[in-house]
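A.B. asks: Following this message is one structure expressed as structure tokens.
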Amino acid sequence: MTVRTRFAPSPTGYLHLGGLRTALYTYLFAKKNGGKFILRIEDTDQEREVPGAVELIYKSLREAGLAYDEGPDVGGDYGPYIQTQRRDTYLPYAMQLVESGAAYPCFCTKEELQARRDAATARGEQWKYDKHCLNIPKDEALRRMQSGEPFVIRQNIPLTGTASFDDALYGHVEAPCDTLDDNVLIKADGLPTYNFANVIDDHLMGITHVMRGTEYLSSAPKYNLLYEAFGWQPPVYIHLSPVMKDATRKLSKRYGDPSFEDLLAQGYVRDAIINFIALLGWSPGDEREFFTLQELVEAFDLKGLSKAPAIFNTEKLVWFNHEYITRMPFEDYLAMATPWFDRVLAGKGIDYRRLAELMHTRTEVFDRVPDMVRFLAELPAYGTELYTHKKMKTDSAVALRALELARPALAALENFSEEAVKDLLMTLAAENGLKTGQMMWPVRTALSGQASTPGGATEIAYLLGREESLSRIDKGIEMLKNA
Ligand code: GLU
């Protein structure tokens, strides 16, 4: 048996991180078992469809590195892979169930249904479809269907007994039939509902393992009744615990939680996101934390899946991202950092290569880079208290002395290189009885206007260049004199 798994998103917006995790596990499981990973677009609920969402799914999966073996834009032997393009596939199967009594057409109008639902509610009953149309004799029902009268087709759930299935993670799941509703399988527009299409397509596409969120756990017994009615072998089900924002709510775009695309745009590294997502609800069973996609394929095992909801911990993601950035080759870092430098430093003549060397291990997430380097473009407003630093043994008086010594020496310095600036400032300090910090701290403060910077006084002086450095030191002297 060849393992065939599918990721079956509905094109209702962005690829959220829970969806990405489902796609990832589905991919990993297929690849681990030498199987096929299939993309199917479930777009039969046309009202929920968001324009552009299908293309975004292709793009996101490509960016995530989760190449599918079959899918709408790559083809395959089981296509089409978009459900609306399969619209003629479903009705004959539904009619087969009508024939056998496992389903029946329903002609109730919206108004009729609403009235009976209201009446049930008024009696304090939980509404489910009352099988009203099951009483219509079959030949009459068929005639009405053919006459063009609007109809839906409903699943005929037995009145008694239980429906059940076995989940690879959650074990035996069952539901008393009298709690289950006669769901619509084919809608009035002729398209199937998810409830029906997932069963038909998983069967026709030869899907052997289905991974999806636990929100489908309670419906799966009903799907199993359909498999039984057709006499088909159901796939192995693996329902996945939800990804939570915190103990009380699921991760959701609606609350502003980021999508995969958002994280990429914020400057999270693809491989760091994938590594982090893989560990949201799965563990390799040992202490390892770092995995390439290929290593995940090798390590992936259903035994490592957790039933407990996974909490999306942003600090942990930031930690992973920082680790990945620190480990990436310098040239890659430079290429990734450049557009972020450009946001605030474009046209300023800053040596990006040198700046990147200073920023490489300090970068946690790229979208924090512009704020970290903005001081190079423009001296921020600061107060003279910044010149006071206990450990460096500086205060305003020391700082003023240091800057007044540094100013003319830097102006006269022949070659304004980092090395030369450093030698000069060290020598100046020593000759004038100042400790190194008593020179470096004031100069760095004057050059940057902030307490924490990538690089010290000499690196910043080099990046700014002589002219800008002198002008910032002048500003510092003036501020200290007026303080
Ligand atoms: N279209 C469903 C969704 O987006 C997929 C559920 C499944 O994988 O069966 O949630």
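The values are calculated or read from the model by the stated rules, or taken from the named source; none is laboratory data. Since we're looking at a predicted model, the values are computed, not measured. Every residue, glycine among them, receives a Cβ derived from its backbone with ideal geometry; neighbour counts consider all protein chains shown.
A.B. asks: Out of all the residues in segment 376-410, which are more than 25 Å from Lys435 (Cβ to Cβ), part of a helix (DSSP H, G or I) and either modelled with pLDDT under 95 or not small (Gly, Ala, Ser) (or both)?
C.D. replies: Within segment 376-410, Leu376 is the sole residue that qualifies.
A.B. asks: Quick test of your reading of the structure: Leu204 fulfils all but one of (1) surrounded by fewer than 16 Cβ atoms within 10 Å (Cβ to Cβ); (2) under 35 Å from the mean Cα position of the chain (by Cα); (3) closer than 30 Å to Ile82 by Cα; (4) away from the ligand (no atom under 16 Å from the Cβ). Name the failing condition by number.
C.D. replies: Exception for Leu204: condition (4).
A.B. asks: Do we have Ala337 as assigned to a helix (DSSP H, G or I), under 30 Å from Lys481 (Cα atoms) and in contact with a Ser or Thr (Cβ under 8 Å, 6 or more places away or on another chain) here?
C.D. replies: It is false that Ala337 is assigned to a helix (DSSP H, G or I), under 30 Å from Lys481 (Cα atoms) and in contact with a Ser or Thr (Cβ under 8 Å, 6 or more places away or on another chain).
A.B. asks: If you take the residues in segment 1-29 that are among the hydroxyl-bearing types (Ser, Thr, Tyr), more than 11 Å from the ligand (Cβ to nearest atom) and touching a Ser or Thr at 6+ places or on another chain (Cβ under 8 Å), which one is farthest from Glu298 (Cα to Cα)?
C.D. replies: Restricting to residues being among the hydroxyl-bearing types (Ser, Thr, Tyr), more than 11 Å from the ligand (Cβ to nearest atom) and touching a Ser or Thr at 6+ places or on another chain (Cβ under 8 Å), the top hit is Tyr14.
A.B. asks: Here's something else I'd like to know. Right, Ala451: farther than 14 Å from Arg401 by Cβ, in a helix (DSSP H, G or I) and either out of contact with any His (no Cβ under 7 Å at 6 or more places or on another chain) or not hydrophobic (A, V, I, L, M, F, W, C) (or both) or not?
C.D. replies: no
A.B. asks: What number of residues within segment 312-334 are surrounded by fewer than 16 Cβ atoms within 10 Å (Cβ to Cβ) and either assigned to a strand (DSSP E or B) or touching a helix residue (DSSP H, G or I) at 6+ places or on another chain (Cβ under 6 Å) (or both)?
C.D. replies: Going through segment 312-334 one residue at a time, the tally reaches 1.
A.B. asks: If Arg40 satisfies every condition in (1) buried (at least 22 other Cβ atoms within 10 Å of the Cβ); (2) more than 20 Å from the chain's Cα centre (by Cα); (3) within 16 Å of the ligand (Cβ to nearest atom); (4) not hydrophobic (A, V, I, L, M, F, W, C) but one, which is the exception?
C.D. replies: Looking at each condition in turn, Arg40 falls short on (2).
A.B. asks: Pairs only if they're at least six apart or on different chains, beta carbon under 9 angstrom, first in segment 1-25 and at positive phi, second surrounded by fewer than 24 Cβ atoms within 10 Å (Cβ to Cβ) and of a type in the set (Asp, Glu); list them, first residue then second.
C.D. replies: none
A.B. asks: May I pose another question? Any idea how many residues of segment 445-467 are within 17 Å of Ala412 (Cβ to Cβ) and either among the β-branched types (Val, Ile, Thr) or without any contact (Cβ under 8 Å) to a residue 60 or more places away in the chain (or both)?
C.D. replies: Qualifying residue count for the region: 4.
A.B. asks: Next up: Within segment 169-201, take every residue that is acidic (Asp, Glu) and away from the ligand (no atom under 14 Å from the Cβ) and give me the one that is surrounded by the most Cβ atoms within 10 Å (Cβ to Cβ).
C.D. replies: Residue satisfying both the conditions and the ranking: Asp182.
A.B. asks: Turning to a different aspect of this structure: From the list Arg154, Arg143, which one is touching a Pro at 6+ places or on another chain (Cβ under 9 Å) and basic (Lys, Arg)?
C.D. replies: After ruling out the rest, the residue left standing is Arg154.
A.B. asks: Now a separate question. Give the residues of segment 340-370 that are without any contact (Cβ under 8 Å) to a residue 24 or more places away in the chain and charged (D, E, K, R), sorted by residue number.
C.D. replies: Those that are without any contact (Cβ under 8 Å) to a residue 24 or more places away in the chain and charged (D, E, K, R): Asp342, Arg353.
A.B. asks: Would you check if Val54 is on the phi < 0 side of the Ramachandran plot, in contact with a strand residue (DSSP E or B) (Cβ under 7 Å, 6 or more places away or on another chain) and more than 14 Å from the ligand (Cβ to nearest atom)?
C.D. replies: no
A.B. asks: If you go through segment 19-50, how many residues are over 17 Å from Phe260 (Cα atoms), among the basic types (Lys, Arg) and not in a loop (DSSP other than H, G, I, E, B)?
C.D. replies: Adding up the residues that qualify gives 4.
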